[in-house]
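One structure is given below, encoded as C-alpha cells.
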Amino acid sequence: MDEFTVPDREFDNYLLLKQWFLWTDIAAHMDAAYEFAHAVMQSNAKGSLERVLTMIGRRFGHDRDGSYRLVGVAVFLGYLWLDHRFPLNIDLPLVLLP
C-alpha cells in the first residue's frame, strides 16, 4: 500500500470517524455499537447525519457524542459499511452500503 491506494474522500471519511471514537475502549462498546448499527440500518429517518444519529441515540439513551462514538466503533468493527463515494459530513445524509 502507498499514499495512492486509498482515495482522498475515503481517507477524509476515515479521519472524521477516527475523531469520533479516539481514545475509546472498543471492547467496552462492541455490544452497544452492534445494537446502534442495527437501529441505524433499520431506520427510515431522513435528513442529515446529525439529525438521524441524534434521534436514534436518544432512543438508546445516548447523547450526541455517544451516538457518534458508537457509529465510529460500528464502522471500525464492520457493523456498518460506509459508501465512500459520498463524503461523511454531519450536515449531509449518511450513505451506507447494503
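Before moving on, here are some points about what is shown:
- Residue-averaged 222 nm ellipticity for the chain, from DSSP H runs of 4+ at -39500 (n - 2.57), nearest 500: -18500 deg cm²/dmol
- For the stretch 5-98, the square roots of the Cα gyration tensor eigenvalues, ordered a ≥ b ≥ c, give a/c of at least 1.5 with a/b no greater than b/c, which places it in the oblate category.
- Note on the chain: with charges restricted to the Cβ of Lys and Arg (+1) and Asp and Glu (-1), its dipole about the Cα centre is near 460 debye.
- A simple rule links phi to the HN-Hα coupling: the Karplus curve 6.51 cos²θ - 1.76 cosθ + 1.60 with θ = phi - 60°, which for the stretch 75-81 gives 5, 4, 7, x, 6, 10, 10 Hz, with x for Gly and Pro.
- Extension reserve of the Glu3-Phe60 stretch, reckoned as 0.36 nm per residue once the Cα distance is removed: 16.7 nm
- With at most 16 neighbouring Cβ atoms within 10 Å, loop trypsin sites (Lys or Arg not before Pro) (DSSP) excluded, longest segment of the chain: 1-45
- On Cα atoms only, tilt of 26-42 relative to the major axis of the chain in degrees: 80
- On Cα atoms only, tilt of 49-59 relative to the major axis of the chain in degrees: 30
- Residues whose amide H comes within less than 5 Å of that of Leu82, counting only those at least five positions distant or on another chain, are Leu97 (H built at 1.01 Å from N in the peptide plane).
- In loop segments of the chain as defined by DSSP, the chymotrypsin sites (Phe, Trp or Tyr not before Pro) with at most 16 further C-beta atoms inside 10 Å of their C-beta are Phe4, Trp23, Phe60, Trp81.
- The stretch 1-89: GluC sites (Glu not before Pro) falling in loop per DSSP and having at most 16 other Cβ within 10 Å: Glu3
No value in this document is a laboratory result; all are computed from the given coordinates. Everything numeric in this text was worked out from a predicted model, so none of it was measured. Here the Cβ is made from the backbone with ideal geometry for all residues, glycine too, and neighbour counts use every protein chain on show.
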